[in-house]
Amino acid sequence: MWGRCLIVALCVLGWSAGAGAQEPSSGRLRVAAGLFAANPSAVAVSAAPDPDVPAAGDVASSPEATSTGDSATPLEPDAPQASPPLNAERRACDGCPRRSVGKAFAHTTIINGFYGIANLVRGQETAKITPKTWWANMEQGWVWDLDDFTVNQFGHPYQGNNYFNAARSNGMSFWESTAITAFGSGTWEYYGETNHASLNDLVNTTLGGIALGEMFHRAGWLVRDTRKTGKSRLWSEIGAMVLDPITGANRFITGDSSRVTDKPSEFVPSHLAGFGSMGAMWRGTQAAEFEGTPDPFLEMDLLYGDVESGRSRTPYDAFAFRIRLGGGAGVSEVKVRGRLIGEPLGDGGLQFAVLQDYAYESNDAFHTGAQSFDASLSKTFGNTSAKTRMLLLGWGGLTVLGAVDSLPVDLEAPPEEQGNAVQGVSEGPRYYDYGPGSLFGVTAMVTRDRRPLLTAFYEGRHLFSLDGVRANHFLQRFRLDFVAPIRGPLGIGFTGEFFDRHTYYQDANRTRKSYHYPQLSTYLAWRLS
Amino acid sequence: MIRLLRPIVFCLAIAVVCAGTTASAQSASESSSVQDLKGPGSDFWLVLGGSFSTIRGDCQTCEGDYPYRHSGGFLGNAGFRVTPRMDAGLEIFWMPMETAGGNIRNTHIDAVGQFRPWASKGFFIKGGAGMAFVRNWVDVISPEAFNQKALSIVIGTGWVFRPHSRFGLQVFGAQHAAALGDLQTSTEQVPDVIGNFWSLGGGIVIR
């Protein structure tokens, strides 16, 4: 009897979720007003309205709206049409997308369907889902999966980025989009594949998806120019869509891709710097100091916003992004480090921040990746007008889930991964370990005209292996960059890196092993902005 | 009990999927004021409740078929309101259970976010991650417990009645998982164990 009551209660939950899925619209104006009142600093600190507030229709408090949001006032003399009132369109600002929670959920489910069909077309066994496989997955619960490193540490976060931007492109805030990402990830794991639901995928898809998602969303808005018309506008929308396909597709479908508006102010960074470098890299291994043949690489760094100062409650209004193509793999490094909270401390110029980290590193010598959160303290020496400045930054935090090569005690190097017997079915063994842990680090950067001259970086990461070889891994990475300016935006750079790994096995002998991978590179560097 | 588990889990899944798919058909029609959404309560968020829970500890690389076990559990949330739709904080989930060789007490401490997609309605989804502390008494080996730490994750859904009042009630379905590596039993040390906990319960909500 008790059990039947519970079942009925759950069914009612499901039904009422749908029945209750009514979107308050006209009330949103007041929601936003109340939130700004409750947290006035959110307005005072930044000219942009807090994106965490679903402030659709907040005409009065939005600086943009006062100039552009009035339906009676065209944006430009050549603006094609006057905008309707913002609250009627459920937009947080004139250039913002229409808010729809229902569409966010629906688009997330469609994305899952798209991935499922794509896998089916590719002939993957795991795509042949039925209600029986759903049931089997629910009955089993979470497991560790055996997919290869790139799929789990880069593929799943990228898929999560699509869920995240399904929410962002439907007008949801950063924090709300995190929940949609978890929803998309959870439903994919249970209902998208015949594989049992994977715990590591849930973490990597959700946390990695949030980090990559907000980074790509903001990068897309850097490319998109909503003031343009005609072909140049079309190309700017297409360019943005390459970075953030879900938002791009939604804008073309809804017609936002041709609306002439101001860019939402939350997506206009207070500072922007981009750096590129292209050159050759020599990597050493445990067995040989350096290989004779260098690996070519192309590395891009983006510094979005100002991490050095200011009070911030807008997630990812400042972030750093790095991607390295080549250098031992197609994509050998991806890092996203986004600020969630920023707060100046005292009068001494100290800056406190809480950050989210996504890390992926894969090359022919080692593989490592992690989803982490940390707190940092930084201090800048030299005022903003000084030509030469130095930033000192230290951080420490927790790794929710990290991965690193699995090196059993009796092996000197990991064997090559074998292809799966049936496409899409991961039969293992998996050659990397999973576990939570901690991290800490310090970096010092000397800049001249806001361009890095010398950067010293150190990071230590501890992983306690829960799945794989029973061991504690301690990973350290040192990196020293020097870029000498040549002419204009061009420079020539030299980088030395040292990846050091200590593994403390939990065997009877408490074996300890160390591995070192030095790396040298030389390159042509240029400043993008 | 196993027969009971199947329809429970299936309905839980249907509830989650319905939240996503049926929502798209809904129209915007309701207006709510800030006070309606925030209510008389503060931004503090506290939930205290209990659950009926089923656990299965499984080794995915082993041949053995591991049983489902059932017990009561305690669940508590404490945190604050980030937005009218989003709460964030800590969750404690505690569940004792009898095993063939003794008993195990599981304590999950997770950082959680709880999201109500429609601010005026009580439906919510929840997710989080943290640590689980497992105290495992194996009577035939030692009177002392084997203490282990595990990676914990939680997902869940539910409904809050009177979501904007100072006092409310909620019913929830949740799934916790604890990935703890090796687990000592009375006969062997089982490798790569993940414990899955399915819970149905209710609690009081204080804001």
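The values are calculated or read from the model by the stated rules, or taken from the named source; none is laboratory data. Remember, it's a predicted structure, so these values are computed and weren't measured experimentally. Here the Cβ positions follow ideal geometry from the backbone for every residue, glycine too, while neighbour counts run over all protein chains shown. These area figures cover heavy atoms from the full protein model, side chains too; ligands, DNA and RNA do not enter into them. Shrake-Rupley method; radii C 1.70, N 1.55, O 1.52, S 1.80 Å.
Every residue, every condition in (1) open to solvent by less than 40 Å² (accessible area, probe 1.4 Å); (2) assigned to a loop (DSSP other than H, G, I, E, B); (3) farther than 26 Å from A:Asp467 by Cα, yes or no:
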| position | (1), (2), (3) |
| --- | --- |
| B:Asp65 | no, yes, no |
| B:Leu75 | yes, no, yes |
| B:Arg81 | yes, no, yes |
| B:Leu90 | no, no, no |
| B:Met95 | yes, no, no |
| B:His108 | yes, no, no |
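Take B:Ser51 and decide whether it is out of contact with any Pro (no Cβ under 7 Å at 6 or more places or on another chain), within 13 Å of chain A (Cβ to nearest Cβ) and modelled with pLDDT of 95 or more.
Values: out of contact with any Pro (no Cβ under 7 Å at 6 or more places or on another chain): yes; within 13 Å of chain A (Cβ to nearest Cβ): yes; modelled with pLDDT of 95 or more: yes.
So B:Ser51 passes the test.
Across the range A:137-153, what is the number of residues that are open to solvent by less than 40 Å² (accessible area, probe 1.4 Å), more than 13 Å from A:Ser198 (Cβ to Cβ) and within 12 Å of another protein chain (Cβ to nearest Cβ)?
Step one: filter the range A:137-153 for residues open to solvent by less than 40 Å² (accessible area, probe 1.4 Å), giving A:137-138, A:140-145, A:147, A:149, A:152-153.
Then drop every residue that is not more than 13 Å from A:Ser198 (Cβ to Cβ), which leaves A:138, A:149.
Subsequent filtering for residues that are within 12 Å of another protein chain (Cβ to nearest Cβ) retains A:138.
Number of matching residues: 1.
List pairs: first residue in the range A:180-198 and within 10 Å of chain B (Cβ to nearest Cβ) and free of Cβ contacts under 8 Å to residues at least 24 places away in the same chain, second residue crowded, with 24+ Cβ neighbours inside 10 Å and part of a loop (DSSP other than H, G, I, E, B) anywhere in the structure, Cβ distance under 9 angstrom, at least six positions apart or on different chains. Here the result reads A:Gly186/A:Ala197, each pair linking the range A:180-198 to a residue that is crowded, with 24+ Cβ neighbours inside 10 Å and part of a loop (DSSP other than H, G, I, E, B).
When the range B:119-141 is filtered for residues that are open to solvent by 30 Å² or more (accessible area, probe 1.4 Å) and within 26 Å of B:Thr187 (Cα to Cα), the ones remaining, listed by number, are B:Phe133, B:Arg135, B:Trp137, B:Asp139, B:Val140, B:Ile141.
What's the total number of residues in the range A:406-443 that are at pLDDT below 90 and more than 13 Å from A:Asp147 (Cα to Cα)?
Narrowing the range A:406-443 to residues at pLDDT below 90: A:406-431.
Still in the running and more than 13 Å from A:Asp147 (Cα to Cα): A:406-416.
Number of matching residues: 11.
Residue pairs whose Cβ atoms lie under 8 Å apart, separated by 6 or more positions or on different chains, with the first residue in the range B:64-82 and on the phi < 0 side of the Ramachandran plot and the second surrounded by fewer than 19 Cβ atoms within 10 Å (Cβ to Cβ) and not in a strand (DSSP E or B), are B:Tyr68/B:Met1; B:Tyr68/B:Ile2; B:Tyr68/B:Leu5; B:His70/B:Met1; B:Phe80/B:Asp43; B:Arg81/B:Asp43. Any idea which residue in the range A:449-461 is farthest from the other protein chains (Cβ to nearest Cβ), counting only those that are surrounded by fewer than 16 Cβ atoms within 10 Å (Cβ to Cβ) and modelled with pLDDT under 90? Residue satisfying both the conditions and the ranking: A:Asp449. Considering (1) crowded, with 23+ Cβ neighbours inside 10 Å; (2) among the charged types (D, E, K, R); (3) at positive phi, say which one B:Arg116 fails and leave the rest. Evaluating B:Arg116 over (1) crowded, with 23+ Cβ neighbours inside 10 Å; (2) among the charged types (D, E, K, R); (3) at positive phi leaves (3) as the failure. Quick one: in the range A:184-201, of everything that is open to solvent by 10 Å² or more (accessible area, probe 1.4 Å) and among the hydroxyl-bearing types (Ser, Thr, Tyr), which residue is farthest from A:Phe267 (Cα to Cα)? The qualifying residue farthest from A:Phe267 (Cα to Cα) is A:Thr194.
Taken over the range A:97-116, the residue count meeting the criterion of being within 9 Å of chain B (Cβ to nearest Cβ) and farther than 28 Å from A:Ser265 by Cβ is 2. Considering the conditions (1) within 14 Å of chain A (Cβ to nearest Cβ); (2) surrounded by fewer than 23 Cβ atoms within 10 Å (Cβ to Cβ); (3) in contact with a Gly (Cβ under 6 Å, 6 or more places away or on another chain), B:Val154 is excluded by exactly one of them, (2). For the residues B:Phe146, B:Phe161, the requirement of being within 17 Å of B:Leu46 (Cβ to Cβ), surrounded by fewer than 19 Cβ atoms within 10 Å (Cβ to Cβ) and either facing chain A (nearest Cβ under 10 Å) or not polar (S, T, N, Q) (or both) singles out B:Phe161.
One residue stands out in the range A:202-244 among those that are within 25 Å of A:Asp147 (Cβ to Cβ) and among the hydroxyl-bearing types (Ser, Thr, Tyr): the one that is least open to solvent (accessible area, probe 1.4 Å), namely A:Thr205.
Residues in the range A:462-474 that are away from every other protein chain (no Cβ under 14 Å) and either within 22 Å of A:Leu520 (Cβ to Cβ) or not in a strand (DSSP E or B) (or both): 0 in all.
The set of residues in the range A:475-519 that are assigned to a strand (DSSP E or B), open to solvent by 60 Å² or more (accessible area, probe 1.4 Å) and more than 15 Å from A:Phe457 (Cβ to Cβ) comprises A:Pro485, A:Ile486, A:Arg487, A:Leu490, A:Ile492, A:Tyr504, A:Arg512, A:His516.
Residues of the range B:191-207 being of a type outside the set (Lys, Arg) and over 16 Å from B:Ala132 (Cβ atoms), which ones? I'd like the intermediate steps shown before the answer.
Applying the first criterion (of a type outside the set (Lys, Arg)) to the range B:191-207 yields B:191-206.
Of everything in the range B:191-207, those that are of a type outside the set (Lys, Arg) and over 16 Å from B:Ala132 (Cβ atoms) turn out to be B:Pro191, B:Leu200, B:Gly201, B:Gly202, B:Gly203, B:Ile204, B:Val205, B:Ile206.
Yes or no: the range A:303-318 includes at least one residue that is closer than 14 Å to A:Ser270 by Cβ, among the aliphatic types (A, V, I, L, M) and part of a strand (DSSP E or B). Within the range A:303-318, one or more residues are closer than 14 Å to A:Ser270 by Cβ, among the aliphatic types (A, V, I, L, M) and part of a strand (DSSP E or B). As for the range B:105-126, it holds at least one residue that is within 13 Å of another protein chain (Cβ to nearest Cβ) and polar (S, T, N, Q).
Within the range A:445-456, residues that are in a strand (DSSP E or B) sit with their Cβ atoms under 7 Å from residues that are open to solvent by less than 40 Å² (accessible area, probe 1.4 Å) and of a type in the set (Gly, Ala, Ser), at 6+ positions apart or across chains, in these pairs: A:Ala456/A:Ala444. Residues in the range A:387-399 that are open to solvent by 30 Å² or more (accessible area, probe 1.4 Å) and either of a type in the set (Phe, Trp, Tyr) or touching a Pro at 6+ places or on another chain (Cβ under 8 Å) (or both): A:Leu398 only. Applying the set (1) part of a strand (DSSP E or B); (2) farther than 30 Å from A:Gly468 by Cα to B:Gly57 leaves exactly one unmet item: (2).
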